[in-house]
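J.: Sharing a structure below in structure tokens format, with a few things to ask.
The values are calculated or read from the model by the stated rules, or taken from the named source; none is laboratory data. What you are looking at is a predicted structure, and each value in this text was computed from that prediction instead of being measured. Positions of Cβ are generated from backbone atoms using ideal geometry, with glycine treated the same way; all protein chains shown enter the neighbour counts.
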């Protein structure tokens, strides 16, 4: 095993039986709570004791490993740092901490051995990196990271972790990862994944776990295929939507996203304004309730007199799926979706001569920093928003009549 064994010993001069004794290195004694492990060899015959000694001693080594075995990478890192011993060889100390198969060492054994040999700590795992990013983001932001964002980030991490630990990632590896991802994802989705991975590395750099962020300013500018682009509705399509799909027509007049419209309750209508905020009573799944996409999406939206909410008893997902199916059946065009209503809102606003900064406030595209204050006071009062919205509605009325 690489560690000098003393052979069978007697616990005392009066004892007749021989024992196997494993002396625990000083660096490990506080953690184990003992200075040695002992087990009887079950015989007073020295020759028999010698025959049994090797097997029992190996059992003692396994017992020590079990006492030292960490629960995870972070625990393992702490154990290695607490038990470094410059006078002990990396191989022997690795053997004591996690065991050591010299012919086929496990990943854990390799990590411990390399850390002890190089003098550097065990590198951060991807699971630790994600957990650190999530905890840091939640402390820095006014609201916790959305469950969907966490799921997307974890999925992106799973796709790149086969290239190595966070400390191994370089721009060359990112290029290889992109080549693989483009086989199964649209370029715009790859770009979004790069952004999420960059966010994780920004935290790792800040916490001194990696020296730099290889994803930051990575030169990736995918060309969106025309067939994949979402477009605004034409005037003729808008006329059809007004008659056949009034909910999506109202989205065109108000800039509401499908999820925003589908999640609204009667209590959100305050006179001629609609409040877009969190809905703890509207569940997306078993663990997550609906909330606006960004901080700037918390807003007050002018609504026309014809504004009506969809059936409150219908599930949010069902409403969105129904709108999607309806638009698809009307136009047979993959670039037309309920979200096209937001594109249409902006196009109509420009054509109607609306003041675009106010329209952006209505749509929730203002700067996130201080957005709630900026949008509720000053130039973005309810009256200011409604004044510009009336221009849009009058223009649309002329188109669709």
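J.: Can you tell me which residues in region 25-52 are touching a strand residue (DSSP E or B) at 6+ places or on another chain (Cβ under 6 Å) and either touching a residue at least 40 places away in the same chain (Cβ under 8 Å) or within 13 Å of residue 62 (Cα to Cα) (or both)?
T.: 37, 38, 39 - these are the residues of region 25-52 that are touching a strand residue (DSSP E or B) at 6+ places or on another chain (Cβ under 6 Å) and either touching a residue at least 40 places away in the same chain (Cβ under 8 Å) or within 13 Å of residue 62 (Cα to Cα) (or both).
J.: Let me ask you something else. So residue 322 fits all but one of (1) outside any helix (DSSP H, G or I); (2) at pLDDT 90 or above; what number is the exception?
T.: Condition (1) is where residue 322 drops out.
J.: Related question: With the requirement that a residue be free of Cβ contacts under 8 Å to residues at least 12 places away in the same chain and surrounded by 12 or more Cβ atoms within 10 Å (Cβ to Cβ), what does region 97-119 give you?
T.: Result: 105, 106, 110, 114.
J.: Mind listing whichever residues of region 264-282 are within 17 Å of residue 148 (Cα to Cα) and either surrounded by 14 or more Cβ atoms within 10 Å (Cβ to Cβ) or touching a residue at least 12 places away in the same chain (Cβ under 8 Å) (or both)?
T.: 278, 279, 282
J.: Pick from region 322-336 the residues that are without any contact (Cβ under 8 Å) to a residue 12 or more places away in the chain and surrounded by 13 or more Cβ atoms within 10 Å (Cβ to Cβ): which of them is nearest to residue 261 (Cα to Cα)?
T.: The qualifying residue nearest to residue 261 (Cα to Cα) is 322.
Here is a yes/no grid of residues against (1) under 13 Å from residue 96 (Cα atoms); (2) at pLDDT below 80:
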| residue | (1), (2) |
| --- | --- |
| 34 | no, yes |
| 40 | no, no |
| 49 | no, no |
| 55 | no, no |
| 61 | yes, no |
| 64 | yes, no |
| 68 | yes, yes |
| 81 | no, no |
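J.: Return the residues of region 299-315 that are at pLDDT 90 or above and either closer than 13 Å to residue 393 by Cβ or surrounded by 15 or more Cβ atoms within 10 Å (Cβ to Cβ) (or both); say none if nothing qualifies.
T.: Matches in region 299-315: 299, 300, 301, 302, 303, 304, 305, 307, 309.
J.: A further question on this structure: Scan region 337-349 residue by residue and report those that are surrounded by 22 or more Cβ atoms within 10 Å (Cβ to Cβ) and part of a loop (DSSP other than H, G, I, E, B).
T.: The one that is surrounded by 22 or more Cβ atoms within 10 Å (Cβ to Cβ) and part of a loop (DSSP other than H, G, I, E, B): 338.
J.: Here is a check on your reading of the model: is residue 250 part of a helix (DSSP H, G or I) and modelled with pLDDT of 90 or more?
T.: Yes; evaluated as a whole, the condition is true for this residue.
J.: If we keep just the residues of region 360-380 that are out of contact with any helix residue (DSSP H, G or I) (no Cβ under 8 Å at 6 or more places or on another chain) and either loosely packed, with under 12 Cβ neighbours inside 10 Å or modelled with pLDDT of 90 or more (or both), which is nearest to residue 252 (Cα to Cα)?
T.: Within region 360-380, the match that is nearest to residue 252 (Cα to Cα) is 360.
J.: Of the conditions (1) touching a helix residue (DSSP H, G or I) at 6+ places or on another chain (Cβ under 9 Å); (2) at pLDDT 90 or above, residue 264 fails just one. Which one is it?
T.: Among (1) touching a helix residue (DSSP H, G or I) at 6+ places or on another chain (Cβ under 9 Å); (2) at pLDDT 90 or above, residue 264 violates only (1).
J.: Let me ask something additional. Across region 203-215, which residue is nearest to residue 174 (Cα to Cα) among those that are without any contact (Cβ under 8 Å) to a residue 24 or more places away in the chain and surrounded by 12 or more Cβ atoms within 10 Å (Cβ to Cβ)?
T.: 213
J.: Still on this structure, I have one more. So which residues in region 122-140 are surrounded by 15 or more Cβ atoms within 10 Å (Cβ to Cβ) and either at positive phi or assigned to a helix (DSSP H, G or I) (or both), if there are any at all?
T.: Across region 122-140, the qualifying residues are 126, 128, 129, 130, 132, 133, 134, 136, 137.
J.: On the basis of being under 30 Å from residue 315 (Cβ atoms) and touching a residue at least 40 places away in the same chain (Cβ under 8 Å), does residue 248 make the cut?
T.: Criteria met by residue 248.
J.: Looking at (1) without any contact (Cβ under 8 Å) to a residue 60 or more places away in the chain; (2) touching a helix residue (DSSP H, G or I) at 6+ places or on another chain (Cβ under 9 Å), which is the one condition that is false for residue 235?
T.: So the condition that residue 235 fails would be (1).
J.: Which of the residues that make up region 80-90 are surrounded by fewer than 16 Cβ atoms within 10 Å (Cβ to Cβ) and farther than 15 Å from residue 122 by Cβ?
T.: Selection gives 85, 86, 87, 89.
J.: If you don't mind, another one. For region 141-168, give me the residue count where each residue is more than 24 Å from residue 212 (Cα to Cα), under 12 Å from the mean Cα position of the chain (by Cα) and surrounded by fewer than 13 Cβ atoms within 10 Å (Cβ to Cβ).
T.: So the count comes out to 2.
J.: Then there's this: Tell me, please, whether a residue that is assigned to a helix (DSSP H, G or I), in the same structural domain as residue 24 (by TED's automatic domain parsing), over 25 Å from residue 202 (Cα atoms) and touching a helix residue (DSSP H, G or I) at 6+ places or on another chain (Cβ under 6 Å) can be found in region 97-104.
T.: Yes, the conditions are met somewhere in region 97-104.
J.: Given 186, 171, which one is modelled with pLDDT under 95, surrounded by fewer than 17 Cβ atoms within 10 Å (Cβ to Cβ) and within 25 Å of residue 107 (Cα to Cα)?
T.: Sole residue among the options that is modelled with pLDDT under 95, surrounded by fewer than 17 Cβ atoms within 10 Å (Cβ to Cβ) and within 25 Å of residue 107 (Cα to Cα): 171.
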